[in-house]
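Following: one structure in structure tokens, then a few remarks.
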Amino acid sequence: MAITAIKGFNDILPNESGRWQHIEQAARRVFELNGFSEIRVPIMEKTELFCRSIGDATDIVEKEMYTFIDKGDNSITLRPEGTAGVMRAFIEHKLHAQDPVSKLYYLGPMFRYERPQKGRYRQFHQIGAEVTGVNDPLVDAQVLNMLCAFFREIGLDEPSLQINSLGCPECRPAYRAALLKFLEGRLDQLCEDCRRRFTTNPLRTLDCKAAGCAEATQGAPSMLDNLCGGCGQHFDSVRCYLDSIKTPYKINPRMVRGLDYYTRTTFELVTGLLGSQSAVAAGGRYDGLISQLGGPSIPGIGFAIGVERVALLLGQQDFSRRPDLFIATMGAAERAGAFVLLTELQNLGVRVEMDYEGKSLKSQMRRADKLKTRYSVVLGGNELESGRALFKRMEDGLQIESVLTADAINEIVCPD
Ligand code: HAM
């Protein structure tokens, strides 16, 4: 029996990779315009890094990590997200000593042992961006605007922005206590997960999808009503800055996020087009994370985009690049001549395809159609002898005669 891929791990086939490149190139353009540089970190880290940053009582750490003991008896984990590794590198290489303000982006695979379904996989890809060293709410608005600009750049305007504030170590404990008190009398309505993490992570109940939890949390106290002065002001300023650049958003006081490192601003870009996997990108502020990981006390904020979900939203649009020219040939001598021409044209940046196997003219033209080539030309003995041939524009059949030099052909098939 043939061996198949691991469940929840996908191949990205040639007919999809154009869409992926479109997404990645747009991210690079938009992020670099905003002054971000790429960072590449390993896909495996010491398990402890994720326990300490994402949090022991989160679904990711409790249930979803791919954790192994390696041959040296060390516990290592395939990264379930990018922020922890990037901050580990930021601290380890003392990037803060060069400049505490850094703007970093990354792309690559992440791994979570979740139940696979449309838009949710065990290996998935994120494009993430992180800013360190700025407390000012202006940077929250810039990061959010950059995320929205990315979606505009790839031609999607549907996902809508939701924001919330999760407060800080000063105001969250009191809110947590108030929420615990509220939920205490409703414990039997909560789902098994929420009951289990009732004392360790009660906030998750607020965005739990189970019907009982949604009902039990009706009328629960809101974090936004319990922010301390500093957090309240920060949130108001983020809103003012977003208003000033006309970036639309909705406040969602129930958004909690599945990672423990967040403080203050949190956000998600949500879509109604992907069923229950509604978040196509998400992130927030993590002012305590860098010091929690042993680094200096430097704030941070960032987000990650789920590439598979964005690719699903782009649907079946074809982003693959078509050949500019297909050279069909009548015999071996013409094939040799076509090969020289193909090489010269490629040196000029023209995308050329030709027949390699001496197939019939009919079958060569079928292949030219299948490849959606823009122009085709047939080279026979006459053409080689006269040094001229007819180039056919495939979309409307227009024929243009040209000498058989790379420069002249380039002018016809790639006029700009
Ligand atoms: P996250 O919300 O866990 O945040 O993931 C970000 C995005 O990754 C989600 O909104 C979703 O689009 C995508 N995603 C997550 N899990 C899966 C999956 N199993 N299959 C497909 N797509 C998935 C983080 O990871 C944070 N590190 C984001 C961040 C960066 N916060 C600050 N900086």
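The values are calculated or read from the model by the stated rules, or taken from the named source; none is laboratory data. On a predicted model such as this, the values are computed, not experimentally measured, just so you know. Because the Cβ atoms are built from the backbone with ideal geometry, glycine has one as well, and the counts that use them run over all protein chains shown. Surface areas here come from the heavy atoms of the whole protein model, side chains and all, with no ligands, DNA or RNA. Shrake-Rupley method; radii C 1.70, N 1.55, O 1.52, S 1.80 Å.
Side notes on the structure shown:
- Chymotrypsin sites (Phe, Trp or Tyr not before Pro) within segment 292-371: DSSP coil, no more than 13 neighbouring Cβ in 10 Å: 356
- At full extension, residue 11 and residue 188 could sit 59.4 nm farther apart than now, given 0.36 nm per residue minus the alpha carbon distance.
- Under the simplified labelling scheme, the residue 347-residue 414 pair shows an inter-label distance of 1.4 nm, with each label point 7 Å from Cα along Cα→Cβ.
- Each part reduced to its alpha carbon centroid, segment 294-313 and segment 122-197 end up 11 Å apart.
- Fraction of alpha-carbon pairs over 17 Å apart in segment 325-413 - percent: 41
- Sequence of 73, 416, 236 when ordered by accessible area, the most exposed leading, probe 1.4 angstrom: 416, 73, 236
- Set against the 2.2 N^0.38 Å expectation for a compact globular protein, segment 1-122 has a Cα radius of gyration ratio of 1.23.
- Mean Kyte hydropathy of -1.0 or more with a Cα span along the axis of at least 15 Å, helices from DSSP in the chain: 137-153, 172-184, 229-244, 332-347
- Restricting segment 312-416 to GluC sites (Glu not before Pro) in coil, as DSSP defines it, with at most 15 other Cβ within 10 Å: 357, 395
- Length available on full extension from residue 318 to residue 340: 0.36 nm per residue minus the Cα-Cα distance, which gives 4.9 nm.
- Two-decimal log10 I(q)/I(0) for the chain, as the Debye equation yields it once each C-alpha is a single scatterer, q = 0.07, 0.10, 0.12 Å⁻¹: -0.47, -0.78, -0.98
- Within segment 1-115, percent of DSSP bridges classed antiparallel, to nearest 5: 80
- Of 71, 63, 246, the residue with the greatest mean-square motion in the GNM of the chain, using alpha carbon springs below 10 Å, is 71.
- Residue 170/residue 57 FRET efficiency (R0 30 Å; Cβ-Cβ; nearest 0.05): 0.90
- FRET efficiency estimate (nearest 0.05) - Cβ-Cβ, residue 138 to residue 372, R0 45 angstrom: 0.45
- Rounded percent of accessible protein surface that carbon and sulfur make up, the chain, 1.4 Å probe: 51
- The dipole here belongs to segment 126-262: it is taken about the Cα centre, uses +1 on the Cβ of Lys and Arg and -1 on the Cβ of Asp and Glu, and is about 360 debye.
- Accessible surface area normalised per residue over segment 311-416 is 59 Å², counting heavy atoms of protein chains with a 1.4 Å rolling probe.
- Computed from point charges on the beta carbon alone (+1 for Lys and Arg, -1 for Asp and Glu), the dipole magnitude for the chain about its Cα centre is near 880 Debye.
- Cysteines in the chain lacking any other cysteine Cβ under 4.7 Å from their own Cβ: 51, 148, 168, 191, 194, 231, 240, 414.
- Amide H contacts of residue 110: 124, 125, 126, each under 5 Å away and 5 or more positions distant or on a separate chain (H built 1.01 Å from N in the peptide plane; Pro and chain starts excluded).
- Looking at segment 172-248, the accessible area is 55 square angstrom per residue; that uses a 1.4 Å probe and ignores ligands, DNA and RNA.
- Modelled spin labels at residue 198 and residue 29, positioned 7 Å past Cα toward Cβ, are 5.3 nm from each other.
- Stretching the chain fully between residue 390 and residue 332 yields a gain of 18.9 nm (0.36 nm per residue, less the alpha carbon separation).
- Per residue, the Cα convex hull of segment 253-379 amounts to 200 Å³.
- Residue 160/residue 70 FRET efficiency (R0 35 Å; Cβ-Cβ; nearest 0.05): 0.20
- Between segment 46-114 and segment 349-387, the alpha-carbon center distance in angstrom: 51
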